[in-house]
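Only one structure is covered here, and it is reproduced in the block below.
The values are calculated or read from the model by the stated rules, or taken from the named source; none is laboratory data. Please read these numbers as outputs of a predicted model, since none were measured by experiment. Every residue, glycine as well, gets a Cβ built from its backbone with ideal geometry; the counts of neighbours run over all protein chains shown.
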Amino acid sequence: MRKSSPLTYFTLVIAIALSAFPLYWLFVVATRSNDVVGDWPPPLLPGGNLFDNISRLFSAEEANFLKGMVNSAIASVIVTVAVVFFSTLAGFAFAKLQFRGRNGLLLVILATMMIPVQMGIIPLYMIMVQLGWQDRLQAVIVPFLVSAFGVFLMRQYAERAVPDELVEAARIDGCTTFRIYRTVVLPALRPGAAVLGLFTFMSTWNEFLWPLAVLEADNPTVQFSLSQLSTSYYTDYTLMFAGALVATVPLLLVFLAFGRQIIGGIMEGAVKA
Amino acid sequence: MAASPVSTKDIMLVIHDRPKTATRPAKASTPRERGSFLSRVDAKGSPYLFVAPFFVVFAVFGLFPLIYTAWVSLHKWDAGGDAGFVGLANYGELFGDPDFWNAVGNTVGMLVLATVPQLLLALILASLLNQRLRGLLLLRMGVLLPIVTSVAAVGIVFSQIFDRDAGMVNGLLGLVGVTPVDWRADKWSSWIAISTMVNWRWIGYNSLIYLAAMQSIPRDLYEAATVDGASKVRQFWSITVPMIRPALIFTVIVSTIAGMQLFTEPLIFGQGTFAISGGSLRQFQTVSMYMFEKAFRDFDYGYGSAVAWMIFLLITILAVINFLITRRAK
Amino acid sequence: MSVRPRRTLLAAALAAALALTGACGGAAQEAGSGPVTLIVKTFGQFGYDGLYKEYEASHPGVTIKEENVGKLGDYTPKLQQWMAAGSGAGDVVALEEGIISQYMAKPDQFVNLLDHGAAALQPNFLEWKWKQALTADAKKLIGLGTDIGAQGMCYRTDLFAKAGLPTDREQVGALWPTWDAYLETGKRFMAANTGAHFYDSSGGLYQNIVMQQSDHTYYDTANNLVIDSNPAVKTAWDKTVAMVKAGLSASIDQYSPPWNAGFKNGTFATIACPSWMLATIQKQAGPENSGKWDVAKVPGDGAVRGGSFLGVPTQSKHQNEAVELVKFLTSAQGQTAAFKAKSNFPSSPQAIDDPAVQSFTNPYFGNAPVGKIFGASAKAIRPVYLGPATVAIGDRVTNALTAVEQGKLQPDEAWAKAVDEAKRLVK
């Protein structure tokens, strides 16, 4: 096993310091009582107003922040579970199963990733009008239940991580393909699936443009809520950053949960094959 | 598929007598009386079933927007809506539109600055993390903090860092005697600022993808190589990198696509009510911003749709080029 | 709209494809009888909360639901999407000046308020405001005015004192009867080396100057682009460039974090301020700077930037009730209430003359009689014809000015570029 040198630690510490600095600064501004965003020198020490700002945040009517957090949590969980499930399924199929048109279908999926999202908003809204889903949570969930990115990522992992021998052996034993998926593929894909789950949760949580378009301020998701804290002409940065901070907490929690999955996958990888 | 001289299979055959069956199904599935007919149907049909969900969702929610946007791009559009079929006129106009090509140049420039260093650093970071370290979980999570931080807030933080008068970067430059840079005034400076924002955000993400891929590399390969006397660096380039080729290809393609769609970071970087213009002389306006400006600010949805399709075309071309390069390299 | 056939086809396809559909969103019920919910779409802060309650109390059976989007930049795409989809615009929509000028060319998506007796309300609005929502043939009125961005010139008394300039607002107002005098004052200020610049950035000033020069700007009344032939525009440009050349500008983008901090830190000594910006200045500068900012009259004859209207989209299923609500909200009483709530300056002469508005003073700004100052500004301005893409052209001219401020372009080059962009935009 590779031994780790002090240089490694040092580099990593620097990397983390750089990664964490903006988040730290977010925290500092969120704990202040008046706008210090444009100040020079920039404020580096936290103030004492975090709870004040947070209570202002939750009582800001125009933002409906609590509802935003709840809606985002629901949407993110559903989308993440669905995407991981469907992507591992399809990724396995594209990587390990033989079927006609496999490459063509994969290319189509890849191609859909290249479509700029902003233009789809008006026609997608029209579909929502037909379905009666304006200002409803379904509108930010159902179109995203499968993701091209997820399929592509899982395919790349499955190529290497799923041992052909095991698939063959299971097939010889008479397993259905779905059973092979459940017992061979899923465990093998665990680190990759954990990564995908993490990213999907995060990207759903951070989604702004489409929820802004299809929802209204009475039924928002969290990023929409945050944007309601400012108008064209005035932004209270202490409030907005407090919101951004609170909005980050669930992500950090999910982070920690999935993080263990990735580590867990590492241990298995050492044993496998 | 790999171009490396020795494949996984060869190595495994050499090192092991037979594949470990730690995850082999415990009991054999139900009997032959199930019939080989069913298992044939399963073998032939299940792949299609597995990939079907994507196409179903896409057919309902993805296809109509595509068709609609294409249809709209063939029309002149204004505040009142559809103003008449104009065929390919929008596209023709687009070819002669200096602002569009300026945006393309900006986007590609920022794409390069935001992809190459990012992926290299991600690779290095992943290999650093792929070791037995103390406080491993914390370290690995630590480098992922950027992705968790809200894009809007990060944008504001970096706008401050790169501010002309009160920014930290200019402050540091001042310490070494360099005159303050107006980061928004020039292409090179605004590209660097925005790429830094993008790189900061996505290095951890990509390193995690590489890391997960690295976990699937059998340790025995490294052991064998160490026994043969290969240095760590040599092992990195000869074992690690080729073995995670699918992940590399993936990140290159995805970064290319995401880079071409760069929108939020430059938008927040450009301050004020006309931020969508990406600077006083469109120094950092990306194609997505240009598309948005035309469609939603100038009320010319038809032209904006044509821009969208051009972007799609450009992304496809770029992604293919990148794929070919990555596949052939090494 | 030619989108309709496609929608029917799609509806049929989707109905077949999907077994379950969610319950219909939105609470609007059948028109005519029974209780009605009116959906009002706004951006920013119109200050109507109290008015909604008043209206609901006096109109039993009517419930008002406001759906707000904080930023205009986020609201505009949604508005277009509602118009394109034929649904979602509710019953009353806020239309900002730049948006309404776009819709004047195709007014049919909005209810013609003249059909609902709006003609009688004309004396309730400033003449130029009324005309902005009226089609050229005077046959269709698509909106009633809400507020206007009547301008004053906010200034820092302490910085003026430091520079040896008077600080009393009457005297300060007398310093700059014209923009040329403003330039001279600026030079005096800069010569005193207080460490601050004279104003924040040129875009805002330019917009004010150009609106004062003539009765039209980039378009003539037949909607031809005359940006290069209208001397008014070039004059405004030249005057602004002179100020940039004299080093008066702090070159800070408006509404950016450094701009926000500038109020507190005294980075610039003056700023052309509309009524609603006073609240921004107060929040940004903080209580410790109370009294340091004051308001004087703006150079030239009155200045106004922007403002909004309320209209009723034809998609609305309760057009009659919606029009009644619009009339109420835009009435003199409505506008006065909105002014008191959110400092949005009225567009109704009656409201402007209302003692509540006239006597309104702002304690943060040294008890400046802001009602009087802004009222005088609003009344002094002459009607100016705005064409469809005026705001977009104005944005490009502002960008060109910024390029001059940044030293990226010479003034002549920048002017040529602005004209070229305007021509390409409009062709």
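Scanning the stretch A:176-192 for residues that are closer than 20 Å to B:Ala213 by Cα, in a loop (DSSP other than H, G, I, E, B) and over 22 Å from the mean Cα position of the chain (by Cα) gives no hits. Among the candidates B:Val116, B:Val143, B:Val104, B:Val86, the residue that is more than 20 Å from A:Ile115 (Cα to Cα), surrounded by fewer than 20 Cβ atoms within 10 Å (Cβ to Cβ) and in contact (Cβ under 8 Å) with a residue 12 or more places away in the chain is uniquely B:Val86.
Find the helices (runs of 4 or more DSSP H) located wholly in the stretch C:4-94 whose residues include 3 or more that are modelled with pLDDT under 90, and list them. Before the answer, list the steps.
Numbers: elements: C:4-17, C:49-58, C:72-85.
In the stretch C:4-94, C:4-17 are the helices (runs of 4 or more DSSP H) which contain 3 or more residues that are modelled with pLDDT under 90.
At least 3 residues being within 12 Å of chain C (Cβ to nearest Cβ), at pLDDT below 90 and in contact with a helix residue (DSSP H, G or I) (Cβ under 6 Å, 6 or more places away or on another chain) is the threshold, and among the helices (runs of 4 or more DSSP H) wholly inside the stretch B:25-125 not one reaches it. For C:Ala378, are the conditions met, namely being buried (at least 17 other Cβ atoms within 10 Å of the Cβ) and farther than 29 Å from C:Asp158 by Cβ? Taking the combined requirement at face value, the residue does not satisfy it.
Go through the stretch C:372-417 residue by residue and tally those that are away from chain B (no Cβ under 11 Å), touching a residue at least 12 places away in the same chain (Cβ under 8 Å) and part of a helix (DSSP H, G or I). Walk me through it before giving the result.
As a first pass, look at the stretch C:372-417 and keep what is away from chain B (no Cβ under 11 Å): C:372-387, C:390, C:410-412, C:415-416.
Add one more test, that the residue is touching a residue at least 12 places away in the same chain (Cβ under 8 Å), and what stays is C:372-387, C:390, C:411, C:415.
Filter once more, keeping what is part of a helix (DSSP H, G or I): C:372-380, C:390, C:411, C:415.
Qualifying residue count, the stretch C:372-417: 12.
Taking the stretch A:4-44 as the range and being among the hydroxyl-bearing types (Ser, Thr, Tyr), surrounded by fewer than 17 Cβ atoms within 10 Å (Cβ to Cβ) and either closer than 27 Å to B:Arg164 by Cβ or within 14 Å of chain C (Cβ to nearest Cβ) (or both) as the test, the residues that pass are A:Tyr24, A:Ser33.
Please go through the stretch A:95-117 and give me each residue that is out of contact with any helix residue (DSSP H, G or I) (no Cβ under 8 Å at 6 or more places or on another chain) and either over 30 Å from B:Gly304 (Cβ atoms) or crowded, with 19+ Cβ neighbours inside 10 Å (or both), ordered by number. Scanning the stretch A:95-117 gives A:Arg100, A:Gly101, A:Asn103, A:Gly104.
With respect to the conditions (1) without any contact (Cβ under 8 Å) to a residue 12 or more places away in the chain; (2) assigned by TED's automatic domain parsing to the domain that holds A:Phe178, A:Ser19 falls short on a single one, namely (2). Which ones in the stretch B:135-160 are under 14 Å from A:Tyr9 (Cα atoms) and at the interface with chain A (Cβ under 8 Å from one of its Cβ atoms)? Answer for the stretch B:135-160, where residues must be under 14 Å from A:Tyr9 (Cα atoms) and at the interface with chain A (Cβ under 8 Å from one of its Cβ atoms): B:Leu136, B:Leu137, B:Leu139, B:Arg140, B:Gly142, B:Val143. Against the list (1) within 9 Å of another protein chain (Cβ to nearest Cβ); (2) under 24 Å from the mean Cα position of the chain (by Cα); (3) under 30 Å from B:Asn170 (Cα atoms), the condition A:Met113 fails is (3). Selection over the stretch C:134-184 of residues that are free of Cβ contacts under 8 Å to residues at least 60 places away in the same chain, part of a loop (DSSP other than H, G, I, E, B) and either within 30 Å of C:Glu97 (Cα to Cα) or among the acidic types (Asp, Glu) (or both) gives a count of 6.
Output the residues belonging to the stretch A:82-118 that are within 20 Å of A:Arg190 (Cβ to Cβ) and without any contact (Cβ under 8 Å) to a residue 60 or more places away in the chain.
If we filter the stretch A:82-118 for residues that are within 20 Å of A:Arg190 (Cβ to Cβ), which is where we start, we get A:82-97.
Matches in the stretch A:82-118: A:Phe85, A:Ala93.
Here B:Ala230 clears all of (1) within 17 Å of A:Leu153 (Cβ to Cβ); (2) assigned to a loop (DSSP other than H, G, I, E, B) except the condition numbered (1).
Answer with yes or no whether A:Val151 is over 29 Å from B:Phe64 (Cα atoms), buried (at least 22 other Cβ atoms within 10 Å of the Cβ), assigned by TED's automatic domain parsing to the domain that holds A:Phe208 and among the hydrophobic types (A, V, I, L, M, F, W, C). For A:Val151, the condition - over 29 Å from B:Phe64 (Cα atoms), buried (at least 22 other Cβ atoms within 10 Å of the Cβ), assigned by TED's automatic domain parsing to the domain that holds A:Phe208 and among the hydrophobic types (A, V, I, L, M, F, W, C) - is not met. Of all residues in the stretch B:181-214, those that are over 18 Å from the mean Cα position of the chain (by Cα), of a type in the set (S, T, N, Q) and either surrounded by fewer than 24 Cβ atoms within 10 Å (Cβ to Cβ) or within 11 Å of another protein chain (Cβ to nearest Cβ) (or both) total 1. The single condition among (1) at pLDDT 90 or above; (2) at positive phi that A:Val222 does not satisfy is (2). Could you tell me whether A:Val167 is more than 9 Å from chain B (Cβ to nearest Cβ), over 18 Å from A:Ala75 (Cα atoms), in contact (Cβ under 8 Å) with a residue 24 or more places away in the chain and crowded, with 20+ Cβ neighbours inside 10 Å? Considered against the rule, which asks whether it is more than 9 Å from chain B (Cβ to nearest Cβ), over 18 Å from A:Ala75 (Cα atoms), in contact (Cβ under 8 Å) with a residue 24 or more places away in the chain and crowded, with 20+ Cβ neighbours inside 10 Å, A:Val167 comes out as yes.
Let's see how each residue does on (1) of a type in the set (S, T, N, Q); (2) not assigned by TED's automatic domain parsing to the domain that holds C:Asp215:
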residue: C:Lys106; (1), (2): no, yes
residue: C:Gln109; (1), (2): yes, yes
residue: C:Ala120; (1), (2): no, yes
residue: C:Asn124; (1), (2): yes, yes
residue: C:Gln132; (1), (2): yes, yes
residue: C:Ala161; (1), (2): no, no
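Out of C:Pro77, C:Pro107, report the one residue that is surrounded by 18 or more Cβ atoms within 10 Å (Cβ to Cβ) and free of Cβ contacts under 8 Å to residues at least 24 places away in the same chain. Just one listed residue meets the conditions, C:Pro77.
Against the definition (under 22 Å from C:Lys162 (Cβ atoms), touching a residue at least 40 places away in the same chain (Cβ under 8 Å) and crowded, with 21+ Cβ neighbours inside 10 Å), how does C:Ala285 come out, yes or no? Even if it seems obvious, please write down each step before you answer.
Values: under 22 Å from C:Lys162 (Cβ atoms): yes; touching a residue at least 40 places away in the same chain (Cβ under 8 Å): no; crowded, with 21+ Cβ neighbours inside 10 Å: yes.
The answer is no for C:Ala285.
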